[in-house]
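**Q** Before I ask anything, let me first share the structure, which is written out below as structure tokens.
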Amino acid sequence: PEQDPQEKMRTLMLLLSLSVIGTAASFTSPLPARLGSTAAVARGQALRMSGGAGEDKKLSVGFIGQGIMGVPMAKNLLTAGFEVTVWNRSPAACEPAVAAGATQGASPAALVAACDVVFAMLSDPPAAAAVGEQVAAAMLPGKRYVDCSTVDAACSSAIAASVRAKGGMFLEAPVTGSKKPAEDGALVFLCAGDKALYDAVVPCLEVMGKKHMFLGEVGAGANMKLVNNMVMGSMMASLSEGLALANAAGLSGEEVLEVLDASAFSNPMFRMKGPNMLKEEYPPAFPLRHAQKDMRLALLLADHEGLALPVAAASNEQFKAAKGLGQADQDFSAVHEVQKK
């Protein structure tokens, strides 16, 4: 018997709906599993460089400096599927990254030769300058160098000039964040220099950080980092004094932290560092000697600009006093030890 016209219409609509669902499903793929820190794998798969023959390929990455920051940064690149070669002045420091799949290079020059781009995360201006000289000596046209070290603008500019003189590209990219953000891929990169290089390494920055900014010419990133760390150091010295005053007045340190956390200036640093300061424990995430170095560089910048920074200057003296108490390699929250004198 002939099918009822309304029944025919219902059957046609059902078949059309099934067709649309099937077509949509063909364009849908499962989300990648969350592996490593902050979905580094998923971001690494999505963010690729354009390679030869019309295909996409990831950058091969060199990483100089395998300390508190460099190791987790290199590991996040590995987790995301980047090919990583590491080097450190003390070769044993490369072992964690090598165990995670990195190749250990023989020298900075070897990394320049083998990799599309070389990153560095070094302790201070002398270390950055020394490595920068080695990188520049091996530099070739088209090679790329990204320095994440916290240095002054003059140091960064000198490294940039030596790299560019050999036809290379340079980007300064100091970071905000310490050990835990580095492990979590939650750093903030303050970049300046060659914009084309910045654009090229965005896939790497996305894996290692939660935010990246391009600030202009070389020196802008260095100066921004010094402003950031100067404010952070002053806040830490102030927290230490507040806890010391509360203790002297018979107040509970835990309750002080609770009140501060409920105030308008609640912040992650106080929440993270305050409890350990009350226990007089300072596991190093950002060594105090580096914090004092950054305060000193910020004050030198201020002097160059003819600017008085009395709060930062007083805070710097507290960090210097803590270094004198043997706290240089402890976390910068160990500035609190000065209050025990």
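The values are calculated or read from the model by the stated rules, or taken from the named source; none is laboratory data. Since this is a predicted model, take the numbers as computed values, not measurements. All Cβ positions, glycine included, derive from the backbone under ideal geometry; neighbour counts span all protein chains shown. Ligands, DNA and RNA are excluded from the accessible area calculation, which covers all protein heavy atoms including side chains. Shrake-Rupley method; radii C 1.70, N 1.55, O 1.52, S 1.80 Å.
**Q** Taking the Cβ of A160 as the center, what net charge do the other residues with Cβ under 11 Å away carry, scoring Lys and Arg +1 and Asp and Glu -1?
**A** -3
**Q** Leaving out same-chain residues fewer than 8 places away, which aspartates and glutamates sit with a Cα under 19 Å from that of K195?
**A** D116, D147, E172, E206, E217
**Q** Holding the Cα-Cα limit at 31 Å, pick out from K179/K340; K143/K320; K225/K320; K211/K279 the pairs that are longer than that.
**A** From the list (K179/K340; K143/K320; K225/K320; K211/K279), the Cα-Cα distance tops 31 Å for K143/K320; K211/K279.
**Q** Given a 1.4 angstrom probe, I'd like the percentage of the accessible area of the range 96-228 that is carbon and sulfur, rounded to a whole number.
**A** Carbon-and-sulfur percentage of accessible area, whole number: 59.
**Q** Note down the nm distance, to one decimal, between modelled labels 7 Å out along Cα→Cβ at S252 and at A165.
**A** 6.3 nm
**Q** Cut-off under 12 Å on the C-alpha distance; same-chain residues fewer than 8 positions from K323 excluded. Which aspartates and glutamates are left, in chain and number order?
**A** Reachable aspartates and glutamates: D331, E337.
**Q** Can you say what percent of the DSSP beta bridges in the range 132-197, counting only those with both residues inside, are antiparallel? Round to 5.
**A** Of all bridge pairs located within the range 132-197, approximately 50 percent are antiparallel.
**Q** Expected output is a single nm value to one decimal: the length gained when fully extending between A113 and L245, i.e. 0.36 nm times separation in residues minus the C-alpha distance. What is it?
**A** Residue separation times 0.36 nm, minus the Cα-Cα distance, leaves 41.9 nm.
**Q** Quick one: if you stick a label point 7 Å off each Cα along the C-beta vector at L300 and M269, how many nm between them?
**A** For the pair L300/M269, the computed spacing is 2.1 nm.
**Q** With θ set to phi - 60° and the Karplus curve 6.51 cos²θ - 1.76 cosθ + 1.60, what are the ³J(HN,Hα) couplings of the range 140-156 in order, to the nearest whole Hz, using x for Gly and Pro?
**A** 10, x, x, 6, 9, 10, 10, 9, 9, 5, 8, 9, 7, 4, 5, 5, 5
**Q** Which of rounded, prolate or oblate describes the range 143-209 when judged by the alpha-carbon gyration tensor and an a/c cut-off of 1.5?
**A** Judged from the Cα gyration tensor, the range 143-209 comes out oblate (a/c at least 1.5, b/c at or above a/b).
**Q** Run the dipole for the range 282-340 about the Cα centre, Lys and Arg Cβ at +1, Asp and Glu Cβ at -1, nothing else charged, and hand back the magnitude in debye, nearest 20.
**A** My answer is approximately 160 debye.
**Q** Here's something else I'd like to know. Tell me whether the range 76-205 comes out rounded, prolate or oblate; compute the Cα gyration tensor, take square roots of the eigenvalues as a ≥ b ≥ c, and use a/c under 1.5 as the rounded threshold.
**A** It comes out rounded by the Cα gyration axes.
**Q** Please give the charge dipole size of the range 131-184, origin at the Cα centre, charges +1 on K and R Cβ atoms and -1 on D and E Cβ atoms. Round to the nearest 20 debye.
**A** Computed charge dipole of the range 131-184: roughly 220 debye.
**Q** Considering the dipole of the range 240-341 built from charges on the beta carbon (Lys and Arg +1, Asp and Glu -1) around the Cα centre, which of A246, F270, A314 is farthest to its positive end?
**A** A314
**Q** Okay, moving on. Taking 1 over the mean of 1/r across every pair of different Cα atoms in the range 180-253, what Kirkwood radius in Å do you get?
**A** Value: 14.7 Å, from the Cα pair sum.
**Q** About the Cα centre, and with charges only on the beta carbon of Lys, Arg (+1) and Asp, Glu (-1), how big is the dipole of the range 215-338? Nearest 20 debye, please.
**A** Taking the Cα centre of the range 215-338 as origin, the dipole is about 300 debye.
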